[in-house]
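*Asks:* Before I ask anything, here is the structure I am working with.
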């Protein structure tokens with residue numbers, strides 16, 4: 001089922017997600033719905049907060065993105081990223097690795113807003129997958145950026161929090177428009 005993606009201004013986007021202790025049928029359904037929603041909105045990542053659920057689940061799929069390549073290593077050996085997609089990461093733990101690099105980012109909760117964000121080049125990831133199995137890998141390129149962006153969501157951090165002040169100022173009118181629209185929707189839903 002395609003779910004509604006909540007926009008900037010929605011309080012759930014600032015909530016730290018609760019840990020998922022067991023993979024229940026409801027969790028499996030949530031993950032399936034998150035993938036369906038991410039694909040429908042043409043995203044490469046989606047965190048549970050973005051569909052109104054404050055839990056530690058994110059889904060990622062970087063297949064088909066050719067202008068921003070991804071890398072992946074498992075146990076120190078390079079692997080084909082495509083073979084490991086799509087990814088569901090539950091309770092992910094990250095270790096940031098490498099020099100910070102700037103790169104373009106957008107976010108489904110911020111329609112039409114894009115900016116360069118500086119993040120470490122690589123990230124070591126340890127998480128549970130949708131089958132309850134622990135997975136570990138090192139991500140680079142777009143996959144690294146997507147994992148870090150989604151991890152931030154799971155902790156109530158938004159990509160605008162990582163923007164340079166000047167960039168955020170330039171985007172302020174767009175951000176205020178999204179926030180105002182969200183607040184109006186929330187107010188109308190309460191009536």
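Every read-out reported here was derived from the displayed coordinates using simple, explicitly stated rules and does not represent laboratory data. Note that the structure is predicted; figures quoted are calculated from it, not measured. Note: ideal-geometry Cβ built from the backbone for every residue, glycine included; neighbour counts use all protein chains shown.
*Asks:* Take the alpha carbon atoms of the range 21-57, find their center, do the same for the range 112-191, and report the distance between the two centers in whole angstrom.
*Replies:* Here the two parts' Cα centres lie 15 Å apart.
*Asks:* Which of 37, 95 comes first, and how do the rest follow, when ranked by fewest Cβ neighbours within 10 Å?
*Replies:* By the 10 Å Cβ count, ascending: 95, 37.
*Asks:* Additional query: Under a GNM of the chain (C-alpha, springs under 10 Å), which listed residue has the highest mean-square fluctuation: 36, 150, 169?
*Replies:* 169
*Asks:* Please give the calculated 222 nm ellipticity per residue for the chain, where each DSSP H segment of at least 4 residues contributes -39500 (n - 2.57) and the sum is spread over every residue; nearest 500 deg cm²/dmol?
*Replies:* For the chain, the value works out to -10000 deg cm²/dmol.
*Asks:* At a threshold of 8 angstrom on Cα-Cα distance, excluding pairs fewer than six apart, so keeping six or more, what relative contact order does the range 11-190 reach in percent?
*Replies:* Reported as a whole number, the value is 24 percent.
*Asks:* Comparing 19, 162, 172, which has the greatest mean-square fluctuation in the GNM of the chain with Cα pairs linked when under 10 Å apart?
*Replies:* Judging by the Gaussian network model, the answer is 172.
*Asks:* Now a separate question. Taking the convex hull of the alpha carbon atoms in the chain, what volume per residue do you get, in Å³?
*Replies:* Hull volume normalised by residue count: 118 Å³.
*Asks:* When the chain is treated as a GNM, springs tying every alpha-carbon pair under 10 Å, which of 47, 146, 127 comes out with the largest mean-square fluctuation?
*Replies:* Result: 127 has the largest fluctuation of those listed.
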